[in-house]
1. Of everything in the range 148-162 that's of a type in the set (Gly, Ala, Ser) and within 11 Å of ASP109 (Cα to Cα), which residue is surrounded by the most Cβ atoms within 10 Å (Cβ to Cβ)?
2. Name the residues in the range 49-70 that are aliphatic (A, V, I, L, M), crowded, with 18+ Cβ neighbours inside 10 Å and under 16 Å from VAL125 (Cα atoms), would you?
3. Could you tell me whether the range 339-351 includes any residue that is assigned by TED's automatic domain parsing to the domain that holds SER286, over 18 Å from ALA241 (Cβ atoms) and either surrounded by 14 or more Cβ atoms within 10 Å (Cβ to Cβ) or at pLDDT below 95 (or both)?
4. Tell me which helices (runs of 4 or more DSSP H) are completely within the range 142-237 and hold 2 or more residues being small (Gly, Ala, Ser) and in contact (Cβ under 8 Å) with a residue 24 or more places away in the chain, or say none if there are none.
5. Answer yes or no: is there a residue in the range 24-32 that is of a type outside the set (D, E, K, R), surrounded by fewer than 21 Cβ atoms within 10 Å (Cβ to Cβ), farther than 20 Å from LYS171 by Cβ and at pLDDT 95 or above.
6. Just give me the residues in the range 301-339 being basic (Lys, Arg) and part of a loop (DSSP other than H, G, I, E, B), in sequence order.
7. Kindly indicate whether any position in the range 272-281 is closer than 23 Å to VAL106 by Cβ, surrounded by 19 or more Cβ atoms within 10 Å (Cβ to Cβ) and touching a residue at least 60 places away in the same chain (Cβ under 8 Å).
8. Which condition from (1) assigned to a helix (DSSP H, G or I); (2) surrounded by fewer than 22 Cβ atoms within 10 Å (Cβ to Cβ) is the one that ALA252 breaks?
Amino acid sequence: METITVGLGTRSYPIYIGTDLNYGDLIREALPKVTDVMVVTNTTVGPLYFDELKTQLEEHDFNVSECVLKDGEAYKTVDSWWQILTALMEKDFGRDGAVIALGGGVVGDMAGFAASAYQRGIPFVQIPTTLLAMVDSSVGGKTAINHPLGKNMIGAFYQPKAVIADLDCLKTLPERELTAGLGEVVKTGIIYDYKFFNFLKDHVSKVFSYDLDTLSHIVKRCCEIKASVVSQDEKEHGLRAILNYGHTFGHAIEAYLGFGTWLHGEAVGLGMVIASALALDRKLISKDDFDKMLELCQSAKLPTVIPERMTGNDFIEHMRHDKKVRHGVIRYVLPVRIGEVKIFSDVSDDEVRSLISRMKA
């Protein structure tokens with residue numbers, strides 16, 4: 001088992017990565033004074049993992065309740081969030097209770113946001129079960145629900161007490177979920193680590209055969225990088241914004257098509273291709289670097305073609321509601337080389353319209 005620490009002073013917490021993990025031991029260490037826990041999961045993940053988790057928790061003197069949500073981004077709504085809060089109230093949870101998120105990014109985001117709001121905040125633990133959640137959404141304390149006008153527009157920064165990434169869970173993932181996770185993995189290499197990017201070029205195909213050594217290295221390196229960024233800039237006042245590479249265009253795609261039509265990581269994948277094409281237009285990156293980025297996205301089986309009916313105006317309309325907008329100006333995270341990105345606020349709407357039109361030609 002590997003342990004990585006997200007360094008936030010008195011709110012620091014561990015990320016445990018490995019196989020055959022003992023959830024009971026790790027959660028008892030994270031929640032030494034807690035008796036009652038609410039496991040928030042969904043209709044897909046719950047039947048696979050809840051019973052074993054409950055057994056291990058009960059062996060460590062936890063009283064275990066379960067809240068089962070519908071599966072999918074389409075249900076990352078105020079109604080699902082309310083369902084969690086209602087379950088906590090119906091079971092008479094107090095501030096000495098805790099929430100455990102068992103699932104992918106949607107479950108983790110909603111469970112964390114519910115924990116942040118219930119009685120002004122109770123502890124929670126993340127048990128991510130998808131590749132995307134392990135490498136990205138479970139780490140860093142971003143919790144949220146969607147609004148019809150924009151993704152993750154209602155939420156809070158609220159850090160977990162621990163993250164438990166059990167690589168055994170990846171064995172039950174369908175290929176599409178692995179691809180979605182690779183969207184965030186490829187992003188990490190492009191924004192921060194040229195050496196990791198090259199590792200992905202050589203090993204990405206092994207993800208689809210569930211090669212444990214490859215998956216272990218990928219999850220560990222992504223968590224190391226995200227933990228470092230979050231430790232320096234928890235609430236996205238500066239450095240942490242680089243993690244949004246691919247997300248400005250990606251969130252617009254998700255909102256336009258309807259949340260859940262594309263998986264988040266798929267939209268991020270295409271968002272990275274568009275952002276990199278914009279960087280190439282501006283001569284921020286070489287054609288060689290662009291081709292390498294595009295080739296890796298293709299090897300990861302990520303979408304690289306803009307939806308047929310989506311126009312430049314559609315992108316701009318949805319990006320206006322992006323959380324990264326400042327004073328009405330859309331901010332774009334663009335690569336300047338493989339391993340480094342910068343934030344630009346001087347991209348005109350006409351540049352975006354022209355780019356989208358040419359990419360669709």
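1. Initially, the range 148-162 is screened for residues of a type in the set (Gly, Ala, Ser), giving 150, 155-156, 162.
Remaining after also requiring within 11 Å of ASP109 (Cα to Cα): 155-156.
Working: GLY155: 19, ALA156: 14.
Per the stated criteria, the residue is GLY155.
2. Hits for the range 49-70 are LEU53, LEU57.
3. Here is the first cut: in the range 339-351, the ones assigned by TED's automatic domain parsing to the domain that holds SER286 are 339-351.
Now drop any that are not over 18 Å from ALA241 (Cβ atoms), which leaves 348-351.
Checking the rest, the ones that are also either surrounded by 14 or more Cβ atoms within 10 Å (Cβ to Cβ) or at pLDDT below 95 (or both) come to 349, 351.
Yes, because at least one residue in the range 339-351 is assigned by TED's automatic domain parsing to the domain that holds SER286, over 18 Å from ALA241 (Cβ atoms) and either surrounded by 14 or more Cβ atoms within 10 Å (Cβ to Cβ) or at pLDDT below 95 (or both).
4. Values: elements: 175-192, 194-207, 212-232.
The helices (runs of 4 or more DSSP H) meeting that bar are 175-192, 212-232.
5. To start, the set of residues in the range 24-32 that are of a type outside the set (D, E, K, R) comprises 24, 26-27, 30-32.
Remaining after also requiring surrounded by fewer than 21 Cβ atoms within 10 Å (Cβ to Cβ): 24, 32.
Adding the requirement that they be farther than 20 Å from LYS171 by Cβ leaves 24, 32.
Retained after the next criterion (residues that are at pLDDT 95 or above): 24, 32.
Taking every residue of the range 24-32 in turn, at least one turns out to be of a type outside the set (D, E, K, R), surrounded by fewer than 21 Cβ atoms within 10 Å (Cβ to Cβ), farther than 20 Å from LYS171 by Cβ and at pLDDT 95 or above.
6. Of the residues in the range 301-339, the ones basic (Lys, Arg) are 301, 309, 320, 323-324, 326, 331, 337.
LYS301, ARG309, ARG320, LYS323, LYS324, ARG331, listed by residue number.
7. We begin by selecting, within the range 272-281, every residue closer than 23 Å to VAL106 by Cβ; these are 272.
Narrowing the set further to residues that are surrounded by 19 or more Cβ atoms within 10 Å (Cβ to Cβ) leaves 272.
Next cut, touching a residue at least 60 places away in the same chain (Cβ under 8 Å) only: 272.
Checking the range 272-281: at least one residue is closer than 23 Å to VAL106 by Cβ, surrounded by 19 or more Cβ atoms within 10 Å (Cβ to Cβ) and touching a residue at least 60 places away in the same chain (Cβ under 8 Å).
8. Just one mismatch for ALA252, condition (2).
The values are calculated or read from the model by the stated rules, or taken from the named source; none is laboratory data. Note that the coordinates shown come from a computational prediction; the quantities given were computed from them, not determined experimentally. As a convention, Cβ positions derive from the backbone with ideal geometry for all residues, glycine included, and neighbour counts pool all protein chains shown.
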